[in-house]
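Here's the structure we're looking at; comments come further down.
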Amino acid sequence: MIQVAVVAGKAALAATFHEGLKTDDLHDSECSGSVAIGGFMRWSLNGVWRLAGMVLVCSLSLFALRPVGAQAVPPISKEEYRLGIGDVLRITVFQNPELTLEARVSESGVVSYPLLGSVKLGGLSLGQAEKRIADGLRDGNFVKQPQVSILVVTVRGSQASILGQVNKPGRYPLEQADTKLSDLLALAGGIAPNGSDTAVVSGQRDGKTFRKEVDVPLVLAGRQSEDMIIQAGDVVFIDRMPMVYIYGEVQKPGAFRLERDMTLIQALAAGGGLTVRGTEKGLRVNRRGPDGKVKTLTPAMDDTLRDGDVVYVRESLF
């Protein structure tokens, strides 16, 4: 498409050029408004304006036909990831293939590199690590103007674990410094059908033990304050979903997921409602207290149930 536009532009320019050199335009005339060029020929002002207009049109056409892929793409910042213990690196020095090396960041955060020995790279960003090796090669007069590139082949240093009721539990690399809880949940395939709506995040912050319960529906709803940043070594645990149990004179007795703020009447509806012999009178809820003892309650229909509650529906006497 671009080549067609260029050819068309050249043809148009040539036509305009010859148009400007017509015999009529070379005659002196007070009305023609002729212009002397180099003292050899004269163009009419009409020919000059036609030439300038065609150049402008061709330039705008070429700009509009420029492919989208030719636009500059902003590079990804190398400050996003910091090297950690266990990371495997491929270090390359431009035009110095003998200095190409794959190395692992040791437990002390150093990498053994030719000519430089042990280089401390743990905790540095990729840009900082590249600069440190380049400075060492230049200051040691090994390479005059070293151009160093580092690629993280295997990410092992910055990892977090997600356990419990998720589709793919395990350890996952934190390839960016701003990896959030929602990102880690996505890597784990999301919460399993029997998983809770609450995620418990534990780890270290400023050398102190850290623990926080996060309401996952709020995270998925876009509340940024709840979508916390995950750091290396964090453990995210998704417990099983809360359950209530219904037995007695209901259509479908059994265990049911306890939805948020679920009331007694909603739980009975989840169980298919009462049978023809069931009665709403004398309903009982068995609830385990903080001391571990089970108490028997007589709740109202709009009372909220708790995790582990057992609802019993009695048979009508009449």
Exercise for review: Please state which of the following conditions P146 fails to meet, knowing it meets all the rest: (1) within 30 Å of L218 (Cβ to Cβ); (2) crowded, with 18+ Cβ neighbours inside 10 Å.
Suggested key: (1)
**Study point:** Selection within the range 248-265 - part of a loop (DSSP other than H, G, I, E, B), within 20 Å of S196 (Cα to Cα) and open to solvent by 30 Å² or more (accessible area, probe 1.4 Å)
**Key:** E259, R260, D261
Study note, to complete from the structure: Within the range 186-196, residues within 14 Å of the chain's Cα centre (by Cα) and over 11 Å from A160 (Cβ atoms) come out as A186
Practice item. Only residues that are under 18 Å from P217 (Cα atoms), open to solvent by 40 Å² or more (accessible area, probe 1.4 Å) and over 18 Å from the mean Cα position of the chain (by Cα): list them for the range 165-185, please. Key: Q165, N167
Review point. crowded, with 19+ Cβ neighbours inside 10 Å, among the β-branched types (V, I, T), in contact (Cβ under 8 Å) with a residue 24 or more places away in the chain and touching a Leu at 6+ places or on another chain (Cβ under 7 Å), is that true of V236?
Key: yes
Check your understanding: Within the set of pairs 6+ apart or on separate chains, which have a first residue in the range 301-314 that is crowded, with 17+ Cβ neighbours inside 10 Å, a second that is of a type in the set (D, E), and C-beta atoms under 6 Å apart?
Key -> V313/E249
Exercise for review: Filter the range 89-117 down to residues that are open to solvent by 30 Å² or more (accessible area, probe 1.4 Å) and β-branched (V, I, T) and give me whichever is nearest to K131 (Cα to Cα).
Suggested key: T92
Exercise for review: Answer yes if at least one residue in the range 154-166 is without any contact (Cβ under 8 Å) to a residue 60 or more places away in the chain and under 20 Å from A232 (Cβ atoms), and no otherwise.
Suggested key: no
**Study point:** Close pairs (6 angstrom Cβ cut-off, 6 or more residues apart or separate chains): assigned to a loop (DSSP other than H, G, I, E, B) in the range 266-289, of a type in the set (S, T, Y) anywhere
**Key:** R277/S316; T279/S316
Point to revise | Out of K293, K281, sole residue that is under 20 Å from E249 (Cβ atoms) and either open to solvent by 80 Å² or more (accessible area, probe 1.4 Å) or more than 49 Å from the chain's Cα centre (by Cα) (or both) | key: K281
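The values are calculated or read from the model by the stated rules, or taken from the named source; none is laboratory data. Computed from a predicted structure; not experimentally measured. Note: ideal-geometry Cβ built from the backbone for every residue, glycine included; neighbour counts use all protein chains shown. Side chains included, ligands, DNA and RNA excluded: accessible areas come from the protein's heavy atoms. Shrake-Rupley method; radii C 1.70, N 1.55, O 1.52, S 1.80 Å.
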